[in-house]
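A.B. asks: This is the structure, below, for whatever I ask next.
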Amino acid sequence: MSVGFDSTARRQALDRVNNYIWVLGLAALGALALAFLASSALEQTALLAVASALGLQIVLVRGMVIVRNVAARRDMRAVMRFLEHDVAPSFLTNAQGEILFQNKASIDRFGGCRGKTVNRSVASLFANPDAVVLRLRSVAAEAGAAREDIVTWRGHIRLTVQHVQPGFLWRLEDIAERPDRAGDGIAIPMMTVSRSGAILHMNEPLRLALGRRVKRLQDIFEELPLRDGFVHNLVLDGKTLPMRVFQTEGNVGRSEVYLFPSEAPSTDDVVGFLPVLDDLPVPLLHLNPDGSIIGANRLAHNLLPQLSEGTATVQSLVEGLGRSVGEWIGDAARGRGLSRSEVVRVARSVPERFLQIALGRVQIDGHASLVAVLTDATELKTLEAQFVQSQKMQAIGQLAGGVAHDFNNLLTAISGHCDLLLLHHDKGDGDYADLVQISQNANRAAALVGQLLAFSRKQTLQLERLDLRDTLGDLTHLLNRLVGERVQLTLSHDPGLIPVRADRRQMEQVMMNLVVNARDAMADGGEIRIETRCEYLEDDLSRDRVTVPGGQYVVVSVSDVGKGIPKDQLNRIFEPFFTTKRTGEGTGLGLSMVYGIVKQTGGFIFADSVVGEGATFSLYFPADDGDDELDDASVTALPPRPSNASQVPADPRMLIPLSAKSAEGDAQDVHAPMKAENPTSAPRHKEQVVLLVEDEAPVRAFASRALRLRGYTVLEAASAEDALEQLSDKELNVDLFVTDVMMPGMDGPSWVKLALKDRPAVKTVFVSGYAQETFDDDRAGVPNSVFLPKPFSLAELTQTVQKQLH
Ligand code: ADP
């Protein structure tokens with residue numbers, strides 16, 4: 001930036017006239033001298049007079065110049081005297097730029113610099129001083145003066161140069177009053193802002209308030225553009241501060257923005273707002289950007305009675321599901337995510353309630369605020385929770401189904417071959433004990449697979465009419481052993497207990513899992529109470545997001561006085577793999593298995609607990625009205641399970657997971673594997689032909705050996721296609737198909753249906769590691785068929801086959 005001085009032109013014109021006069025004067029004196037030599041005395045006198053006049057003229061003009069120079073020097077000295085006390089460092093240089101004089105401030109700042117050039121003296125201050133000094137000096141030489149604001153290493157300086165004949169006066173100012181740095185001495189927070197919203201400068205108070213330098217307005221204001229005289233929210237460490245903004249337009253598109261703290265809009269300020277909305281058929285809240293509630297309309301009060309208790313903020317009213325309410329409101333106040341509504345849980349609400357909240361921003365009298373539109377989302381959330389739960393169960397079910405299928409094949413082969421070996425070993429035999437061990441452990445593995453199927457509700461239940469008093473009575477001895485001596489087990493029954501329709505073995509499993517959990521919750525011992533009672537529900541009972549339809553129920557409750565279950569865990573305990581027990585102590589499958597069995601039985605389960613006082617699990621089973629037509633098809637279709645079956649051990653403890661709930665020591669001595677019948681004493685069926693179709697070679701090998709031992713003629717096929725190929729021989733006589741259900745290529749029911757076209761009288765035994773229900777529909781089209789779940793023992797297989805054929 002440079003400025004000109006009026007006196008400069010005048011001084012330059014004077015210099016030029018001065019020079020002409022000298023030249024003219026000298027030329028005139030020369031001419032006079034020549035003329036004097038050549039002329040007469042009179043003429044010489046006349047010429048002398050002219051010369052004197054010219055000389056006088058020259059002396060006069062020259063004298064003026066000298067006087068002016070003297071005055072200039074005097075001016076310079078005066079300037080120097082004045083500058084001596086100037087706080088800005090100043091130098092006086094000659095025309096070449098050498099420093100002739102420097103004031104005190106300059107000596108203090110740069111040390112003595114006489115004889116040095118200005119550029120060298122200021123070189124420590126800013127980059128490229130030669131160019132700057134040269135530029136300024138040439139402008140000053142032309143225009144009389146020049147100045148430039150320069151960015152230095154430590155701030156800004158203004159370098160001014162004035163052409164002071166015969167040299168230059170340099171003045172160096174630290175800028176305190178730069179136009180875009182105005183306000184540094186002011187206590188009011190202010191900043192200089194460019195047209196594009198870039199913050200060019202923030203004064204000290206604003207910098208201190210923000211605790212950092214900020215580059216753009218949008219980083220600190222929720223709402224732009226800023227409007228003069230309006231309150232805008234300044235965002236500071238996640239909090240918002242209402243500030244009244246005053247703006248003055250500066251030069252080159254810059255403006256100065258002054259901020260005055262303002263009160264947040266109070267209810268009084270906006271009192272006119274809500275009454276207008278009071279009659280709208282939508283629940284509405286009016287909020288400050290920090291979530292504090294300014295007001296609520298009538299329907300919002302109906303929806304949230306807590307509002308009348310003077311709840312101050314939305315944050316204390318509702319809880320975010322995964323995301324904090326404060327964060328969400330803060331975002332909305334800044335204009336982010338306004339198009340999305342959030343579902344939140346109403347705080348401290350029993351039963352649980354959910355709201356869907358959509359937020360919008362409003363400006364009232366310059367105050368930014370939010371309007372929240374509320375919708376009751378409890379039903380939606382309940383449905384969602386049920387959906388998620390069923391999805392979870394389905395996913396686990398698929399996993400469990402897959403694992404169970406493979407395991408069941410392996411276990412069938414292991415326990416089957418073990419059974420075959422046991423046929424040839426007597427109790428006195430040295431290998432007998434080892435074979436028993438193998439068989440027992442195969443059984444335990446089968447029990448684990450059973451658990452997987454249980455909580456995925458994919459197992460085949462054998463429903464029967466049960467008096468739970470009997471079931472529990474039979475189990476008492478085992479339960480007592482399970483809980484140990486420090487825990488006392490008390491049973492109390494409703495004398496008029498109505499029977500239920502359930503799978504006895506699974507009911508035993510449920511009770512054992514609940515009792516073992518209760519035992520584990522009471523490290524120091526205590527009492528476990530098992531109670532049965534009849535309960536008639538006049539109306540539907542809604543709790544824990546489920547509805548128990550009205551009607552007659554048999555309720556079994558298991559209570560303990562243990563450590564209890566914290567509230568936040570109560571709705572998770574039934575989830576598969578949720579456990580608070582240490583690794584190796586809990587699998588998190590116990591309660592999910594209970595849940596699966598209860599659900600599959602058509603019942604409901606609820607948990608109540610007070611931390612430190614204990615927990616109660618209440619199981620609701622629909623009472624059985626004795627209508628035998630309800631008899632489940634699967635029950636009749638299934639072969640009677642032999643009491644000594646190896647698929648599910650006779651001792652219910654074998655069903656307990658191997659970890660926390662196992663009573664390993666007990667299991668070993670109680671359970672013994674089935675001793676297969678002596679093949680020689682077994683009936684022979686030489687004339688009967690069984691076509692065995694199984695893709696798993698070990699299973700096929702065992703099954704065919706087992707059936708041959710019984711005297712059947714066994715034809716083997718590794719696939720459905722193979723079987724059909726063999727059957728294409730019309731002469732081939734087959735009495736029974738024993739086939740796996742799921743096989744690569746064509747599945748069991750499909751090939752059997754094809755084969756039955758030519759051989760309608762042939763009966764079928766389907767075997768599968770999957771639950772029966774998974775192929776019930778397919779099997780429906782196959783007459784004279786039964787289902788044998790894997791893993792099966794030698795005896796189960798031969799008995800099922802025998803039963804089908806005879
Ligand atoms: P696991 O027993 O293998 O952990 P469960 O599914 O049986 O798996 O139980 C899940 C969790 O529920 C347990 O880890 C425990 O925290 C809690 N729980 C279950 N029953 C009780 C009870 N009676 N008292 C206290 N907590 C219990």
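A quick yes/no check of all residues on (1) polar (S, T, N, Q); (2) part of a loop (DSSP other than H, G, I, E, B); (3) modelled with pLDDT under 95; (4) surrounded by fewer than 16 Cβ atoms within 10 Å (Cβ to Cβ):
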residue: ALA660; (1), (2), (3), (4): no, yes, yes, no
residue: THR680; (1), (2), (3), (4): yes, yes, yes, yes
residue: GLU687; (1), (2), (3), (4): no, yes, yes, yes
residue: LEU691; (1), (2), (3), (4): no, no, no, no
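A.B. asks: For the stretch 488-515, how many residues are within 16 Å of the ligand (Cβ to nearest atom) and of a type in the set (D, E, K, R)? Lay out the reasoning, then the answer.
C.D. replies: Let us first name the residues in the stretch 488-515 that are within 16 Å of the ligand (Cβ to nearest atom), namely 488-490, 506, 508-515.
Filter once more, keeping what is of a type in the set (D, E, K, R): 508.
Residues in the stretch 488-515 being within 16 Å of the ligand (Cβ to nearest atom) and of a type in the set (D, E, K, R): 1 in total.
A.B. asks: Which residue pairs have Cβ atoms closer than 6 Å, lie 6 or more positions apart in sequence or on different chains, and pair a first residue in the stretch 570-585 that is farther than 20 Å from LEU399 by Cα with a second residue that is more than 7 Å from the ligand (Cβ to nearest atom)?
C.D. replies: LEU570/ALA607
A.B. asks: Let me ask something else. Would you mention how many residues in the stretch 542-564 are touching a residue at least 24 places away in the same chain (Cβ under 8 Å), part of a strand (DSSP E or B) and away from the ligand (no atom under 13 Å from the Cβ)? Before the answer, list the steps.
C.D. replies: Within the stretch 542-564, the subset touching a residue at least 24 places away in the same chain (Cβ under 8 Å) is 542-546, 548, 551-564.
The next check asks that each one be part of a strand (DSSP E or B); those that pass are 542-543, 546, 548, 551-559.
So of that shortlist, the ones also away from the ligand (no atom under 13 Å from the Cβ) come out as 542-543, 546, 548, 551-556.
So the answer is 10.
A.B. asks: Of everything in the stretch 409-434 that's among the acidic types (Asp, Glu) and more than 14 Å from ALA703 (Cβ to Cβ), which residue is nearest to the chain's Cα centre (by Cα)?
C.D. replies: Of all residues in the stretch 409-434, those among the acidic types (Asp, Glu) come to 419, 426, 429, 431, 434.
Then drop every residue that is not more than 14 Å from ALA703 (Cβ to Cβ), which leaves 426, 429, 431, 434.
Values: ASP426: 63, ASP429: 63, ASP431: 58, ASP434: 53 Å.
Applying the filter and picking the extreme gives ASP434.
A.B. asks: May I ask you to list the residues in the stretch 576-585 that are within 6 Å of the ligand (Cβ to nearest atom) and either touching a Ser or Thr at 6+ places or on another chain (Cβ under 6 Å) or not basic (Lys, Arg) (or both)? Can you show your working first?
C.D. replies: Step one: of the stretch 576-585, the residues within 6 Å of the ligand (Cβ to nearest atom) are 578-581.
Result: PHE578, THR579, THR580.
A.B. asks: If I ask for residues that are aromatic (Phe, Trp, Tyr) and open to solvent by less than 10 Å² (accessible area, probe 1.4 Å), which ones from the stretch 728-774 would you list?
C.D. replies: Initially, the stretch 728-774 is screened for residues aromatic (Phe, Trp, Tyr), giving 737, 751, 766, 770.
Within the stretch 728-774, PHE737, TRP751, PHE766 qualify.
A.B. asks: Can you tell which of ALA623, ALA615, ALA607 is more than 15 Å from the ligand (Cβ to nearest atom), surrounded by 14 or more Cβ atoms within 10 Å (Cβ to Cβ) and in contact (Cβ under 8 Å) with a residue 24 or more places away in the chain? Walk me through how you get there before you give the answer.
C.D. replies: Numbers: ALA615 fails: more than 15 Å from the ligand (Cβ to nearest atom); ALA607 fails: more than 15 Å from the ligand (Cβ to nearest atom).
That would be ALA623, the only listed residue that is more than 15 Å from the ligand (Cβ to nearest atom), surrounded by 14 or more Cβ atoms within 10 Å (Cβ to Cβ) and in contact (Cβ under 8 Å) with a residue 24 or more places away in the chain.
Rundown of residues vs (1) assigned to a helix (DSSP H, G or I); (2) out of contact with any Phe, Trp or Tyr (no Cβ under 7 Å at 6 or more places or on another chain); (3) more than 30 Å from THR117 (Cβ to Cβ); (4) modelled with pLDDT of 75 or more, yes/no style:
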position: GLN162; (1), (2), (3), (4): no, no, no, yes
position: ARG171; (1), (2), (3), (4): no, yes, no, yes
position: GLY183; (1), (2), (3), (4): no, yes, yes, no
position: ILE188; (1), (2), (3), (4): no, no, yes, no
position: LEU200; (1), (2), (3), (4): no, yes, yes, yes
position: VAL214; (1), (2), (3), (4): no, yes, yes, yes
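A.B. asks: Quick one: in the stretch 564-604, which of the residues that are of a type in the set (Val, Ile, Thr) and over 27 Å from ALA623 (Cα atoms) is surrounded by the fewest Cβ atoms within 10 Å (Cβ to Cβ)?
C.D. replies: Top of the filtered list is THR583.
A.B. asks: To continue, here is another question. Between LYS599, LYS567, which is more than 11 Å from the ligand (Cβ to nearest atom) and within 21 Å of GLN391 (Cα to Cα)? Can you show your working first?
C.D. replies: On the way: LYS567 fails: within 21 Å of GLN391 (Cα to Cα).
Answer to the check: LYS599.
A.B. asks: Within the bounds of the stretch 459-475, is there any residue that is of a type in the set (Val, Ile, Thr), part of a helix (DSSP H, G or I), at pLDDT below 90 and in contact with a Pro (Cβ under 9 Å, 6 or more places away or on another chain)? Don't jump to the end; show me each part of the working.
C.D. replies: First, pick out the residues of the stretch 459-475 that are of a type in the set (Val, Ile, Thr): 460, 471.
Among the residues that remain, those that are also part of a helix (DSSP H, G or I) are: 471.
Right, trim to at pLDDT below 90 and you get none.
Checking the stretch 459-475: not a single residue is of a type in the set (Val, Ile, Thr), part of a helix (DSSP H, G or I), at pLDDT below 90 and in contact with a Pro (Cβ under 9 Å, 6 or more places away or on another chain).
A.B. asks: All but one of (1) open to solvent by 30 Å² or more (accessible area, probe 1.4 Å); (2) among the small types (Gly, Ala, Ser); (3) under 42 Å from the mean Cα position of the chain (by Cα) hold for GLY496; state the number of the condition that does not hold.
C.D. replies: Result: GLY496 fails condition (3) only.
A.B. asks: Still on this structure, I have one more. Which of the residues spanning the stretch 586-596 are in a loop (DSSP other than H, G, I, E, B) and either away from the ligand (no atom under 13 Å from the Cβ) or of a type outside the set (A, V, I, L, M) (or both)?
C.D. replies: Of the residues in the stretch 586-596, the ones in a loop (DSSP other than H, G, I, E, B) are 586-589.
If the condition is that a residue be in a loop (DSSP other than H, G, I, E, B) and either away from the ligand (no atom under 13 Å from the Cβ) or of a type outside the set (A, V, I, L, M) (or both), then GLY586, THR587, GLY588 are the ones that fit.
A.B. asks: Restricting to the stretch 359-371, give me the number of residues that are surrounded by fewer than 16 Cβ atoms within 10 Å (Cβ to Cβ) and within 26 Å of the chain's Cα centre (by Cα). Steps first, answer last, please.
C.D. replies: The first filter runs over the stretch 359-371 and keeps only residues surrounded by fewer than 16 Cβ atoms within 10 Å (Cβ to Cβ), leaving 360, 362-365.
Next cut, within 26 Å of the chain's Cα centre (by Cα) only: 360.
Residues flagged as surrounded by fewer than 16 Cβ atoms within 10 Å (Cβ to Cβ) and within 26 Å of the chain's Cα centre (by Cα) within the stretch 359-371 amount to 1.
A.B. asks: Restricted to the stretch 701-727, and to residues that are part of a strand (DSSP E or B) and touching an Asp or Glu at 6+ places or on another chain (Cβ under 9 Å), which residue is least open to solvent (accessible area, probe 1.4 Å)? Give the derivation first.
C.D. replies: Within the stretch 701-727, the subset part of a strand (DSSP E or B) is 713-717.
From what's left, touching an Asp or Glu at 6+ places or on another chain (Cβ under 9 Å): 713, 716-717.
Values: THR713: 57, GLU716: 69, ALA717: 1 Å².
Among those that are part of a strand (DSSP E or B) and touching an Asp or Glu at 6+ places or on another chain (Cβ under 9 Å), it is ALA717.
A.B. asks: Does ILE573 count as assigned to a strand (DSSP E or B) and either closer than 18 Å to MET511 by Cβ or within 11 Å of the ligand (Cβ to nearest atom) (or both)? Give the derivation first.
C.D. replies: On the way: assigned to a strand (DSSP E or B): no; either closer than 18 Å to MET511 by Cβ or within 11 Å of the ligand (Cβ to nearest atom) (or both): yes.
Answer is no for this residue.
A.B. asks: Which of the residues that make up the stretch 477-493 are crowded, with 18+ Cβ neighbours inside 10 Å and either part of a loop (DSSP other than H, G, I, E, B) or among the charged types (D, E, K, R) (or both)?
C.D. replies: Result: no residue meets the conditions.
A.B. asks: Quick one: count up the residues across the stretch 85-116 that are open to solvent by 30 Å² or more (accessible area, probe 1.4 Å), closer than 17 Å to LEU159 by Cα and at pLDDT below 75.
C.D. replies: Counting residues in the stretch 85-116 that are open to solvent by 30 Å² or more (accessible area, probe 1.4 Å), closer than 17 Å to LEU159 by Cα and at pLDDT below 75 gives 1.
A.B. asks: Moving to a separate point now. Open to solvent by less than 20 Å² (accessible area, probe 1.4 Å), assigned to a strand (DSSP E or B) and at pLDDT below 85: does that describe ALA146? Steps first, answer last, please.
C.D. replies: Working: open to solvent by less than 20 Å² (accessible area, probe 1.4 Å): yes; assigned to a strand (DSSP E or B): yes; at pLDDT below 85: yes.
Yes, satisfied.
A.B. asks: Here are ALA523, ALA518: which of them is within 16 Å of the ligand (Cβ to nearest atom) and at pLDDT 95 or above?
C.D. replies: Values: ALA523 fails: at pLDDT 95 or above.
Sole residue among the options that is within 16 Å of the ligand (Cβ to nearest atom) and at pLDDT 95 or above: ALA518.
The values are calculated or read from the model by the stated rules, or taken from the named source; none is laboratory data. Computed from a predicted model, the values in this text were never measured in an experiment. FYI the Cβ positions are ideal-geometry reconstructions off the backbone, even for glycines, and counts take in every protein chain you see. Areas reflect the complete protein model, heavy atoms only, side chains present, ligands, DNA and RNA absent. Shrake-Rupley method; radii C 1.70, N 1.55, O 1.52, S 1.80 Å.
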